[in-house]
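The values are calculated or read from the model by the stated rules, or taken from the named source; none is laboratory data. Note that the structure is predicted; figures quoted are calculated from it, not measured. Note that each Cβ is placed from the backbone with ideal geometry, even for glycine, and that neighbours are counted across all protein chains shown. Note: areas computed on protein heavy atoms with side chains; ligands, DNA, RNA excluded. Shrake-Rupley method; radii C 1.70, N 1.55, O 1.52, S 1.80 Å.
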Amino acid sequence: MCTVTVIGIESGYRLLHARDEQRSRRPGIAPAWRTLASGRRAIWPTDADAGGTWVAARDDGVVLALLNRNIPPNGRPDPTRSRGDIIPALIDLQTPALMLKHLAGMDLRGVSPFRLLTVGSSGHGTVVTFDGLA
C-alpha cells in the first residue's frame, strides 16, 4: 500500500511518500534532478521496471504524488499501461490546476486505478481519483 503525508512547517511543507514495494519489483532508481522544457527543474525517482515515477517535486515547491487505488475489478480490463507515466506528463505544467485540467483530458485506457495528489508551493493540495474505467 502507498501512503502520502503532508506536514505543514513554518517555511512551507514537507511531503513523505511510502511507495508500495512488491517483492517482485526491482528497487527504484534514486531521485535525479531534471531540467524541464519550461526551464524549471524537477526531481523524481524512477521505477526500474516500468520507467515511470510515483512522486515528483519541482524547484518552485509544486509536488505530485501518485498512490495505488485498490478497488474490485468491476469489469475493468487488465492494465496495459503504467501509472508512472502520468507524473512526467504533468509536472511541467504551470500550476496544479492546469495539471488537473490536463489529466482530465488524458486517455487513461489501460491504466490501473489511482489517486493523484497535487500540492502547490503554498502547501495546499487536491486529491483526484481514477477508477480504471475510461
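Points to keep in mind about this one:
- Its relative contact order, with pairs defined as Cα atoms under 8 Å and 6+ residues apart, puts the range 32-125 at 31 percent.
- Taking a sphere under 15 Å around the Cβ of Phe130 and counting the other residues whose Cβ falls inside, with K and R at +1 and D and E at -1, yields a net charge of +4.
- Computed over neighbours whose Cβ is under 13 Å from that of Gly39, the net charge equals +1, Lys and Arg +1, Asp and Glu -1.
- In degrees, nearest ten, helix 96-105 long axis to first principal axis of the chain (Cα): 20
- Between Ile91, Ile43, Ile29, the residue with the greatest mean-square fluctuation in the GNM of the chain (Cα pairs under 10 Å linked by springs) is Ile29.
- Selected from Leu103, Leu36, Leu64 as most flexible by GNM, with the chain as the system and alpha-carbon contacts under 10 Å: Leu36
- The residues of the range 7-100 have, on average, 59 Å² of accessible surface per residue, using a 1.4 Å probe with all protein chains present.
- Calculated P(r) of the chain - Cα pairs past 23 Å, %: 31
- Anisotropy class of the range 1-72 from Cα gyration tensor, a/c 1.5 cut: oblate
- By accessible area, using a 1.4 Å probe on protein heavy atoms only, the chain has 52% of its surface on carbon and sulfur.
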